Every structure is written in C-alpha cells, then in structure tokens.
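Read the structure below first, then the notes.
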Amino acid sequence: MMNLIIVFHFIFLFVGQSWANEFRYADFLKSTVKIEDHDKLLIPYKDGELLIELHSLLGAGNTTNVLDATFKNKRVALRLPKSNGQFNTYSAYVDFLENYYQGQMILEMQGVSVPKIFHYEKDKYIIVEKLSINSGPDLETLFLKKETLDENIYVRAVARLDDFARELAPFSLIKDFHLKQARYSLEEDKWYLLDWMDSHELFTDIEDSVALEKRTVEQKYEELAQAMNSDSESLDLKNHDMPDDANRLLNNLKKIITEERKIILETENEFLTEKLQKIESAKSVEEFIDLITSPAPRFSRHYVETILDIVIEQSRFDRLKILEKIPFYLISDNQDYLRLVTELTQKEMTIHELAELLSLKKVRIMNINWELTMRIQKLITDNQNILSAADYEILIKHPFVTNYAKNWIEKNSSCYTKMGHHFSR
C-alpha cells in the first residue's frame, strides 16, 4: 500500500522509514507522519490506553482527519483532530469532535442514516462505523454529473433517494450540509449522511425550508459552470441551466418531504396528547424525567418547545435533579439551549443549579444579550453558598460568565470553595 502523508501542521516534518511503527497519541498529533498499513497508535481509552491498528487515510477536512483503523477486531473510521491547538480565535480543533458527536445524536434519533458512533473519548477522538460507500455517488454527482455514472448505479441511487428525503424531513437545517456529504452505498442500497456540525434546526411548519434545498444545488451548479471552459460539453453547463433530471428530482424530493412532515405532525400530536397527560400525573421526579426523556418517534420543533415549556415552568420537582438528567434533544438546537438558560436564570436559582445549567452544552460561538449576561453575573456575585471545586471550574471557564464575575470568584474562592482550596485558571 502506498504511503499516505497526513499533515497536522502547516510546516511539514517528513518522517523517514526509520520512524517506529508505533505512535503515541500526543506525538501523532504534533507531527507529520507516514502511515504504513498495520502501524499502531496508542490512544487514551476510558481510564487507560488502547493500542489500535492504522491502515490508511480515508479523508481530511479543515479540522479533522479520518483514518481507516481496526478497533477491537472491527474495521472502523477513527476521527482525529488535525492538531492539538487552536483552529481559530473561537475554536480549538477538538471542538469540532464535540460538534460531530452532538450533531450525530439528534440525527440518529430522528432516523437519519448516519455512521454509528462506537466510542467517543471527549476532546480526543471519535471511533465511528466505517461504511461501504467507495463505489457509490454523492449528491453532487447524482444531480449534476449524471453523465459520469454507470446507468445502473444511477437508477439504483435515484430509487433510494425518496427514502433519504423522508429521513431528512424533520430538519429545516443540517449544519454545514453540502452535496458531497451525502453518499449512496451500493452494498447497502441506501443513502448516508457522512458529516455535519451542530446545531441542527427542526421544522415547525410544513412549508419551512428543507435541509436539501434546491437553491443549494443551483449554487453548486453555478460554481461548476463558472469553473468549466467555454468549449466544454461534458456536463452541459453552457447555459447555466440545471439539467432537467436534477430539477425533476429536486421538485419530487420537496413534495416527499412535505408529505412526510404532515405524517410527522399527525403522529406527534397524538403522541403529545397522551404524553402531556402522563407528565401531569407524574408522582416523582424520576417518573417526570423518564417521561420527558422519551420523545415521539420523530418530532418537530413544536414538540421540543412544548416539553421545554414544561421543564421551565414546573415547580413540583427538584430542578437540579431534572437539569442533571435533561435529555439532549431538548437542547440540541442552540436556540433551545439559550432559551432554557435565559428563562431559568430569571427564576430563583442556586449557584450549583447555575453551574449545572451552564455545563449542559459545550458553548463554542453563541452570542447572548446584555440582560442575560448581567443576570448570570448577579447570580454569581450574590451567592452566599459554598462553591464546590466542580462548580468553580465550570463558572471560571464559561464564556457566558463576565470577567467581573470570574474575578469575583477568584477573589472569594478561598472563602466559598470547599475546604478553603484555591484554584487557578
């Protein structure tokens, strides 16, 4: 197998054949290395380390490299950050692993065909299912480069496109979605979504935008048209009009998504009516948590907003216990998480509840208004309770907490932290 060079920094460091064939995780991220088939990588795993086998580079994006590997006798895809540093002012490379992990949960819950996650080592790597997709087309090829496909493959891929559209129906937006990130598997005879970020947005009304918008395909077609030479005939781009086949497919997909959304809303309304009755009669916080944790089989933004209303307004059960077990689908969309923070901080809240609330979701880029910023600051500076080490670490690092509040925590940490320990940032 040919050597594959993975570049983890802009400065290339070529490693010769004398390099050992066993790498440690930290060293692997810091250097440019050649991967030989059957090389070994020692990775952090739970409370120890695990040696996995590397084979080749499957793909590389701006923030993540995907390697063909063997994990516990299973062929998998290993997603690694391209570096252990900052990607930009706001984000480290490892933040995009968290984005992938969080984005996958709500996609899988709604029935979208995505690679299964076998193991996520937070801020380190993700081990996911390796799919058999090498011989199938992506959406860009299907819509805009039909001429390059074997006719039998094209027919099979089109036949399964309706199913994929139904899977995408709950979403009005899948973050960072583009045409090459959806691919047809000949072996499994189905379409897969391969990559994304968070946070995705669910539809509210049947006619809301769809994840696969016709305009997205038109824009890609225009890009291809501009890139082609004027004498090219291969993709019929001269007139900048999309192929009729692509237009027909996209119009049909929009119709299918609309019909599927009607079904989702009908099923959701029946499910929600029964669910609300059970929540109203819940006798314990454990029963309440169990009821809000299991949503409708597929659901819209209306379902999420309804359950969030209940969580925010309920006063019968211990709020802290609910926050500790809050289901991720309720805060998968950053808008919903921000709403939860905004409305709960308007209520009487302990410092421990605030820390738990702010720890529910890793915040990368999320703007909050001045009023919310000041409420969080006041909750901290008015606190007279003991501040635990865990709460300290959450609050002192959180971007929603002002520098004034962080300085206040530092100044008072010896008084308000358990056992008088002082912690540095």
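Coordinate-derived values only; no laboratory data. Source: prediction; values computed, not measured. Glycine gets a Cβ as well: all are built from the backbone with ideal geometry, and neighbour counts include every protein chain shown.
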Problem set entry | Residue order, fewest to most surrounding Cβ atoms within 10 angstrom, among LEU338, LEU354 | LEU338, LEU354
Exercise. So what's Rg/Rh here for segment 11-141, counting alpha carbon atoms and using the Kirkwood radius for Rh?
Worked result: 0.96
Problem set entry | the chain - mean residue ellipticity at 222 nm from DSSP helices (-39,500 (n - 2.57) per run, n ≥ 4, rounded to 500) | -13000 deg cm²/dmol
Problem set entry | Dipole of the chain, positive end: most advanced residue of LEU67, ALA92, ASN383 [Cβ charges, Cα centre] | ASN383
Exercise. Sorted from fewest to most neighbouring beta carbons within 10 Å, what does the list GLU393, GLU270 look like?
Worked result: GLU270, GLU393
Problem set entry | Eligible lysines near LYS40 by straight Cα distance, threshold 19 Å, same-chain separation 8 or greater | LYS30, LYS72, LYS74, LYS82, LYS124, LYS130
Exercise. Which GluC sites (Glu not before Pro) does segment 295-386 hold that lie in a coil by DSSP with at most 15 other beta carbons within 10 Å?
Worked result: GLU348
Seminar exercise, completed: Ranked by GNM mean-square fluctuation in the chain (Cα springs under 10 Å), the top entry among ASP138, ASP336, ASP150 is ASP150
Exercise. Over all Cα pairs of segment 139-259, how is the pair count split among 5 Å bins, expressed in % and running from 0 up to the last occupied bin?
Worked result: 2, 11, 20, 23, 20, 14, 8, 3, 0, 0
Problem set entry | Long-range amide H partners of PHE118 with built H, under 5 Å | ILE127, VAL128, GLU129
Seminar exercise, completed: the chain, Gaussian network, Cα under 10 Å: of ASP241, ASP391, ASP309, the residue fluctuating most is ASP241
Exercise. So which residue, out of ALA389, ALA157, ALA355, gets the largest mean-square fluctuation from a GNM of the chain using Cα contacts under 10 Å as springs?
Worked result: ALA389
Problem set entry | Residues TRP408, TRP191, TRP370, TRP196, sorted so that the one with the fewest Cβ neighbours within 10 Å comes first | TRP370, TRP408, TRP196, TRP191
Seminar exercise, completed: Listed by chain and number, the lysines with an alpha carbon less than 25 angstrom from that of LYS254, same-chain partners under 8 positions apart left out, are LYS145, LYS146, LYS175, LYS180, LYS190, LYS214, LYS220, LYS262
Exercise. Residue-wise, which Karplus ³J(HN,Hα) couplings in Hz belong to segment 25-37, taking 6.51 cos²θ - 1.76 cosθ + 1.60, θ = phi - 60°, and x for glycine or proline?
Worked result: 3, 4, 5, 5, 6, 7, 10, 8, 10, 8, 9, 9, 4
Problem set entry | Sparsely packed chymotrypsin sites (Phe, Trp or Tyr not before Pro) within segment 91-182, loop by DSSP, other Cβ within 10 Å at most 11 | none
Exercise. How many percent of all Cα-Cα pairs in segment 62-117 sit more than 13 Å apart?
Worked result: 65 percent
For this session: Note down the nm distance, to one decimal, between modelled labels 7 Å out along Cα→Cβ at THR350 and at SER281.
Result: 3.2 nm
Problem set entry | Global geometry of the chain, whether rounded, prolate or oblate, following the gyration tensor of its Cα atoms and the 1.5 cut on a/c | oblate
For this session: Considering Cα pairs under 8 angstrom that are at least six residues apart, work out the relative contact order of the chain and quote it in whole percent.
Result: 9 percent
Seminar exercise, completed: Once amide hydrogens are built 1.01 Å from N within the peptide plane, the residues lying 5 or more places from ALA92 or on another chain with amide H under 5 Å from its amide H are PHE87
